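K.L.:
Structure incoming, see below.
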Amino acid sequence: MTAFEAVIGLEVHVELLTQTKLFCSCSTDFGAAPNTQVCPICLGLPGGNTPRLNKKAVAYAIKTALALNCQVAQEITFDRKNYFYADLPNGYQITQHFHPMGKKGFLPVNVAEKTKNIGIHQVHLEEDAGKMFHVGDILSSPFSRVDFNRASVPLVEIVTEPDLRTAEEARLFLQKLRNTLLYIGISDCKMEEGSLRCDANISLRPLGSKELGVKTELKNMNSFRAVYRGIEYEIERQTGILQEGGTVIPETRHWDEEIGATKSMREKLSESYRYFPDPVLLPLKTDTKWLEEILYSIPELPDSRYKRFTEDYGLPPYDAEVLTSSRDLADYYEQALQTYPEHKNLSNWIMSELMGLLNANNMEITACKVEPPELGDLLKLIDQGTISGKIAKTVFEEMFTTGEKPEKIIREKGLTQISDEETLLKIVDTVVTAHPGSVEDYHNGKNKALGFLVGQVMKETKGQANPRLVNKLLQKKLSN
Amino acid sequence: MDPANLSVQQITAKINKKELLLTELGAILAGRSKYAQKKLNLFISFDPQLFTEQIKKNEQSTQVNRPPLWGVPVAIADNITTVDQKTTCASRLLAAYQPPFEAQAVSLLQENGALLIGKTNLEEFGLGCAGNSSYFKPVKNPWDIKRTAGSGAAAAVASGLATFALASDVRGEIRQAASYCGVIALKPTYGKIPREGLIDSASSLEQTGILARRVSDLAWALQVLAVPGNNNPPAVKRPLYPEILGNIPAKTRIAVPADWDQAPLLEEGIKNNFREQLNKLARVGLEINYVTLPHFQYASLVATIIGAVEAFSNLSNLDGVRFGYRKEGKHLQEMYIKTRSAGFSSKLKKFLTLGGLLSTKKYYNSHFLQGQKMRSIIKKELLDCLQENELLLTPTTPCNAILLDSSPPAGEELPDPAAYYTAAANLAGFPSLNFPVSTNGLPYGLQFMAKKEDEGVLLQIAFLLEKEPIKWPIFALELQEV
């Protein structure tokens, strides 16, 4: 049986976080009542053909191109892609066909502990179409309705080279891409709201072959999981066809999340869109000063941060990976580091306690009430022996809920650690007297018994005893 | 003096001195318009009540400093949007279309006191002058009702119903119509009059222009309309047009293409008359220089290629989905086909089909891109010529107004031979003016072109030639009896 290799390229559409649309001043807010964020320009009304280019959207697209290591166009031009559809008000989409904003870029992705550079074919700026509504299936629906609020919302399309080989690689790439775009702040990248949409081109070829096979285009994957499952399914489906000696039909297929399969949507005809330069929008020069401004607005990207976290802070790769997986989280970590420069200890706390609470409450780090320096303060209190690690967890939960400072909580609740030997010795004496059996066990070499006795002292002090000191005092007492 | 033949300044002066009542002028114009409409079909929308209301509003105004167009009747071509009257582009697809906004040019006229007499008939989407594509039937020429007027705007100005009119120029339409009707027309520099609210068919060529019977009226209109805007950098310093008309530079050089008489369809009468006109200009001391413009002859072809591709795209919003005429179909595709098949004239469909074809991948390089290259060459040739000369002169049209029911039907050719002389100014974005002269009892025009932003010299040469007032068509005299 022939072994096949999958060749996968992605086309990713990202809605930009601009306040207004690409060519008019209509709002881009998500979720408004249908057709309330429209004007003669974005509705394509006769006489409304006077687009005014949103420069912020251009800057965001350039920022994206730069972050993906692309060559940036010297002159920004727009073209019309002419086709008829009910969600396209003008009968053409304004896009960048002839001279995309960025070309020949790449994004490094860690695949199986190796770094693989995935080629970025191009990055371009374009306008979105409206949104169609049907009852059930488009063919059986008694009506078609269109909401033009989304029409002409600025999008950046990122087209990869066919460098991906597995569904897992595609998923990892997409996550890395999303993370990068969130870092540079050009989009909120919410797949469920459609502000990040991913289509995949998939073909198979015999392993070792250089030629590309017949590809299908896969659409409607609305989560990372769906991207993984959809591609996985499609590879399997094509493998089945080829192994039986069949041929793959070039077509657009729809991922159906519920049945977990891809369905044929339409055969891909040799599409001839009519592209030509927009006759209204004049070319815009990208002067060096503007480009520099955009370049300086790009923050440190995940890869460089990861490198710094592992090399400068000595964090294990896993910690660095988790902490840099979001710009906000990494910022939080580094801010807390200012007051508490114990790299690994802080990382442990953020990854277990903080992220545990965030996940349990389904919250983003940005909504966290605990300011980074206060987390640092709390950890300092542990190290100074003011509170025990265990008490600290209780204090932290309180901080997480109320946003109060750790010192205040400790003071008000009387949670300060007992490190006074005399006080503790009295309790140790009581405990030892009360549990002669455990004392005997300890003398018979059962080390577990010591733990039990420590626990009893902690219980007596409501957890406030300094556990290290209790340990020491107990051992001393028992050895007498 | 006939109150409908007053200049912009005369109207304002007479109103101020209370020698003219706007209601009086309004009543005269309303009566004549009604009569003219029956005879010439020059309006698509003419609403006497709306006109009267505007007059009332002006009369009741207590404004002290009256703007320059106070009480001046103007006509607007029906592809320029208005909020209180529909804007049809003479197309079945927009026959009932009421825009929710007003063209900036129209707002400027109203802010300056002008009275909108009506929306004038035109070729469908303002393309051409042959009188064969308006859904509302052709406009008849006030000089000879068997001939095309080119546009209702030109007919309205020639008949004295409007002091000036606004209309658009894609490949020379306002100049051609002015040539056919014997009036002055100026297509200004691309973008000079705001484009906002013009329903354009070919964006990179099309420009709103002005038709008038007097140079000074045209100058006043331009003064009001040429405001800084999107395509109109505020840095460009403009002269006060009405004040510079008499100051034509002593040594004005006029270039004439050496092969001007090689236009296909150039009529013998026009050829002879144009030669006489050249002699006349030389006699008043203007320098005539014969120049070689090897690619000028391709201008109409190139403008047709580019215009067709742009029009195909621009008019793709007319799909029956959101506004305008719709013919239902079993599915979306069928609705599109039925709507557009029934909605457009056969002439426009031919033009759009050409545009659709030339924008496919197959013809993009060989035709469209080639056309764009040729456009640059033509522009360069004109620019070089206008470095050495202040003006370029040709006839405006190779013939007088064509007959409306000629056989075989004229004016459907691609490229349009009537645009032979006019299209180059649209390709280059340069200003160009028609000045009317006549031959065989019918008007035709001299076309002058100047370099970008040089409208002043066009107005000056027209002012120089205007020593004798422009002739009225018989129809206008007939109207004065109404």
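K.L.:
Which order do B:Asp78, B:Asp405 take by accessible area at a 1.4 Å probe, largest first?
P.N.:
Listed by decreasing accessible area, they come as B:Asp405, B:Asp78.
K.L.:
Let me ask something else about it. Where in segment A:126-220 are there chymotrypsin sites (Phe, Trp or Tyr not before Pro) that are in a DSSP coil and have at most 10 other Cβ atoms within 10 angstrom of their Cβ? Please list the in-between numbers first.
P.N.:
Values: sites: A:Phe133, A:Phe143, A:Phe148, A:Phe173, A:Tyr183; in loops: A:Phe143.
When the chymotrypsin sites (Phe, Trp or Tyr not before Pro) of segment A:126-220 are filtered for loop state and at most 10 Cβ neighbours within 10 Å, A:Phe143 remain.
K.L.:
For segment A:273-350 and segment A:111-184, what is the separation of their C-alpha centers, rounded to whole Å?
P.N.:
Distance between centres, Cα-based: 21 Å.
K.L.:
Given Cα pairs under 8 Å that are at least 6 residues apart, what percent is the relative contact order of segment A:4-289?
P.N.:
Values: 635 pairs, mean separation 69.7, N = 286.
Once divided by the residue count of segment A:4-289, the mean separation gives 24 percent.
K.L.:
For a Förster distance of 25 Å, can you work out the FRET efficiency between the beta-carbons of B:Lys38 and B:Leu477, rounded to the nearest 0.05?
P.N.:
On the way: r = 17 Å, r/R0 = 0.68.
Result of the calculation: an efficiency of 0.90.
K.L.:
So what's the projected area for segment A:300-413, the Cα convex hull averaged over all directions, in nm²? Each step should come with its number before you reach the end.
P.N.:
Values: hull surface 26.7 nm².
Averaging across all directions leaves 6.7 nm² for the Cα convex hull.
K.L.:
Next up: Quick one: helix A:372-383 against the long Cα principal axis of chain A, what's the angle to the nearest 10°, folded into 0 to 90?
P.N.:
30 degrees
K.L.:
Say the cut-off is 23 Å between C-alpha atoms; which of B:Lys187/B:Lys380; A:Lys21/B:Lys373; B:Lys327/B:Lys362 go over it?
P.N.:
Working: B:Lys187/B:Lys380 19 Å; A:Lys21/B:Lys373 33 Å; B:Lys327/B:Lys362 31 Å.
Pairs exceeding the cut-off: A:Lys21/B:Lys373; B:Lys327/B:Lys362.
K.L.:
I'd like the per residue volume of the convex hull spanned by the Cα atoms of segment A:264-364, given in cubic angstrom.
P.N.:
Considering the Cα atoms of segment A:264-364, their hull volume per residue is 263 Å³.
K.L.:
Could you work out the equivalent-ellipsoid semi-axes for segment A:4-289, taking the square root of 5 times each eigenvalue of the Cα gyration tensor, largest first, in whole Å? Numbers along the way, then the final one.
P.N.:
Working: eigenvalues 196, 114, 62 Å².
Its equivalent ellipsoid spans semi-axes of 31, 24, 18 Å.
K.L.:
Further question: Return the lysines within reach of A:Lys176: Cα separation strictly under 25 angstrom, same-chain partners fewer than 8 residues apart disregarded; answer none if there are no such residues.
P.N.:
Answer for A:Lys176, where 25 Å is the Cα cut-off: A:Lys56, A:Lys63, A:Lys103, A:Lys104, A:Lys114, A:Lys116, A:Lys190, A:Lys215, A:Lys219, A:Lys307, A:Lys344, listed by chain and number.
K.L.:
Oh, and also: Debye sum, Cα scatterers, segment A:8-52, no solvent: what log₁₀ I/I(0) at q = 0.16, 0.20 1/Å?
P.N.:
-0.53, -0.72
K.L.:
What fraction of the DSSP beta bridges in chain B is antiparallel, stated in percent and rounded to the nearest 5?
P.N.:
On the way: 31 of 46 bridges.
Roughly 65 percent of the DSSP beta bridges within chain B come out antiparallel.
K.L.:
Here's another thing I want to ask about it. Any chance you could give the angle, 0 to 90 degrees and rounded to 10, that helix A:448-460 forms with the longest Cα principal axis of chain A?
P.N.:
90 degrees
K.L.:
For chain B, calculate the relative contact order in percent as a whole number, restricting contacts to Cα pairs under 8 Å that are 6 or more residues apart.
P.N.:
Working: 1073 pairs, mean separation 92.0, N = 482.
Once divided by the residue count of chain B, the mean separation gives 19 percent.
K.L.:
If you filter segment B:410-476 for trypsin sites (Lys or Arg not before Pro), then keep DSSP loop positions with at most 12 other Cβ within 10 Å, what is left?
P.N.:
Passing both the DSSP loop test and the Cβ count: B:Lys467.
K.L.:
Kirkwood hydrodynamic radius of chain A from all distinct Cα pairs, in Å? It would help to have the intermediate numbers written out before the result.
P.N.:
Numbers: mean 1/r = 0.0373 Å⁻¹.
26.8 Å is the Kirkwood radius here.
K.L.:
Filter the GluC sites (Glu not before Pro) in segment A:396-477 down to the DSSP loop ones having no more than 13 other Cβ atoms within 10 Å, then list what survives. Kindly include the intermediate steps, with their values, before the conclusion.
P.N.:
Working: sites: A:Glu397, A:Glu398, A:Glu404, A:Glu407, A:Glu412, A:Glu421, A:Glu422, A:Glu440, A:Glu460; in loops: A:Glu404.
Here no loop site has a sparse enough neighbourhood.
K.L.:
Next up: To the nearest 20 Debye, how big is the dipole of segment A:421-479 about its Cα centre, given +1 on the beta carbon of each Lys and Arg and -1 on that of each Asp and Glu?
P.N.:
Values: 9 positive and 6 negative charges, 40 e Å.
Dipole size: approximately 200 debye.
K.L.:
Enter the angle in degrees (range 0 to 90, nearest 10) between the Cα long axis of helix A:467-479 and the first principal axis of the Cα atoms of chain A, meaning the one along which they spread out most.
P.N.:
So the helix axis and the longest Cα principal axis differ by about 30 degrees.
K.L.:
Give me the net charge for the shell around B:Asn289: Cβ to Cβ below 11 angstrom, other residues only, Lys and Arg +1, Asp and Glu -1.
P.N.:
On the way: positive: B:Arg253; negative: B:Glu287, B:Glu388, B:Glu390.
That sum, taken over residues with Cβ under 11 Å, equals -2.
K.L.:
Still on this structure: Hey, could you pull the Cα Rg and Dmax for segment A:421-479, both in Å?
P.N.:
10.2, 29
K.L.:
Counting Lys and Arg as +1 and Asp and Glu as -1, each charge on the Cβ, what is the dipole of segment A:4-289 about the Cα centre in debye, to the nearest 20?
P.N.:
740 debye
K.L.:
Given a cut-off of under 8 Å on Cα pairs at least six residues apart, what relative contact order in percent is computed for chain A?
P.N.:
Working: 836 pairs, mean separation 65.3, N = 480.
Relative CO of chain A lands at 14 percent.
K.L.:
For segment A:227-317, evaluate the Debye formula with one uniform point scatterer on each Cα (no solvent term) and list log10 I(q)/I(0) at q = 0.13, 0.21, 0.22 Å⁻¹, rounded to two decimals.
P.N.:
-0.87, -1.01, -1.09
K.L.:
If one computes the Cα centroid of segment A:5-48 and of segment A:59-96, what distance in Å separates the two points?
P.N.:
The distance from the Cα centre of segment A:5-48 to that of segment A:59-96 comes to 12 Å.
K.L.:
Ok, one more. Only four residue types carry charge here, +1 at the Cβ of Lys and Arg and -1 at the Cβ of Asp and Glu. Report the dipole size of segment A:218-323 about the Cα centre in Debye, rounded to the nearest 20. It would help to have the intermediate numbers written out before the result.
P.N.:
Values: 14 positive and 20 negative charges, 78 e Å.
I would put it at about 380 debye.
K.L.:
Can you send over the solvent-accessible area of B:Arg238, 1.4 Å probe, protein chains only, in Å² to the nearest 10?
P.N.:
That residue has around 60 Å² of solvent-accessible surface.
K.L.:
For segment B:194-324, I need the span (max minus min coordinate) of the C-alpha atoms along each principal axis, in Å, sorted largest to smallest.
P.N.:
Cα extents, longest axis first: 60, 40, 28 Å.
K.L.:
Report, in whole Å, the centroid distance computed from the Cα atoms of segment A:401-480 and segment B:447-464.
P.N.:
Cα centroid to Cα centroid, the span is 102 Å.
K.L.:
Go ahead and run the numbers for FRET between B:Thr360 and B:Asn272, Cβ-Cβ distance against an R0 of 51 Å, rounding to 0.05.
P.N.:
On the way: r = 45 Å, r/R0 = 0.89.
That gives a FRET efficiency of 0.65.
K.L.:
May I ask which residue of B:Ile244, A:Gly185, A:Ile298 lies farthest towards the positive end of the charge dipole of the protein assembly as shown, with charges of +1 (Lys, Arg) and -1 (Asp, Glu) on Cβ and the Cα centre as origin?
P.N.:
Towards the positive end, the residue furthest out is B:Ile244.
K.L.:
So what's chain B giving for Rg/Rh, alpha carbon basis, Kirkwood Rh from the mean inverse pair distance? Intermediate results must be reported in sequence, preceding the final value.
P.N.:
Working: Rg = 21.3 Å, Rh = 22.3 Å.
Computed over Cα atoms, the ratio is 0.95.
K.L.:
Express as a percent, rounded to the nearest 5, the fraction of DSSP beta bridges in chain A (both residues included) that run antiparallel. Walk me through the numbers before you get to the answer.
P.N.:
Details: 60 of 64 bridges.
Once the DSSP bridges in chain A are tallied, antiparallel ones form about 95 percent.
K.L.:
Could you give the semi-axes, largest first, of the ellipsoid that matches the protein assembly as shown, computed as the square roots of 5 times the alpha carbon gyration tensor eigenvalues and rounded to whole Å? Please report the intermediate quantities before stating the final value.
P.N.:
Working: eigenvalues 1163, 205, 127 Å².
Rounded to whole Å, the semi-axes are 76, 32, 25.
K.L.:
From the C-alpha gyration tensor of segment B:292-335, pull out the three semi-axes of the equivalent ellipsoid (sqrt of 5λ each), sorted largest to smallest, in whole Å. Don't jump to the answer; show the numbers that get you there.
P.N.:
Working: eigenvalues 277, 16, 8 Å².
One finds semi-axes of 37, 9, 6 Å for segment B:292-335.
The values are calculated or read from the model by the stated rules, or taken from the named source; none is laboratory data. Please read these numbers as outputs of a predicted model, since none were measured by experiment. Virtual Cβ from ideal backbone geometry, glycine too; neighbours counted across all protein chains shown. Just so you know, the surface numbers come from the protein's heavy atoms only, side chains and all, with ligands and any DNA or RNA stripped out. Shrake-Rupley method; radii C 1.70, N 1.55, O 1.52, S 1.80 Å.
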